[in-house]
Each structure stands twice: as structure tokens, then as C-alpha cells.
Amino acid sequence: MLAVHDKKLKDAYAQQKKAYELGMFCLKYKIEKSDLQKLAHKKLITEEKEREHRYETRYD
């Protein structure tokens, strides 16, 4: 029997569960996954710019 406590299996299961939940969310609210990906990317870029700005102003 395969050990379920293996970290890679747990991580893969968690990722699969998140993908399923995201798919169900998109179906429920009739949202395209690509639109969510664009929003997530935009938020990531914004956070990176904020971090860079804080770093630059900290050492001026």
C-alpha cells in the first residue's frame, strides 16, 4: 500500500482540489478562467511593483 503521508502526493492532491474548486466557482458565477488568471497576474505585478518601490525608498 502506498503511504498517503508522502508530501508530494499531499501537494498534488491539494493542487487538484484547488483546481476543482476554482472550476466550480467559475461555473457558478459564469466567469472565464482566463479572466481570473488575468486578474491574478495583474495583482501579482502590482504587488511586485509595490515591494520594489518600498525597497527603493527604504535605502534612499
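The values are calculated or read from the model by the stated rules, or taken from the named source; none is laboratory data. Owing to the predicted nature of the structure, the values given are computational and were not obtained by experimental measurement. So basically every Cβ, Gly included, is an ideal-geometry build from the backbone, and we count neighbours across all protein chains shown.
Per the listing Leu36, Leu22, Leu44, the residue uniquely assigned to a helix (DSSP H, G or I), modelled with pLDDT of 90 or more and out of contact with any Asp or Glu (no Cβ under 8 Å at 6 or more places or on another chain) is Leu44.
When the stretch 33-60 is filtered for residues that are loosely packed, with under 10 Cβ neighbours inside 10 Å and among the small types (Gly, Ala, Ser), only Ser34 remains. Of the listed requirements (1) at pLDDT 90 or above; (2) surrounded by 10 or more Cβ atoms within 10 Å (Cβ to Cβ); (3) more than 19 Å from the chain's Cα centre (by Cα), Lys30 misses just one: (2).
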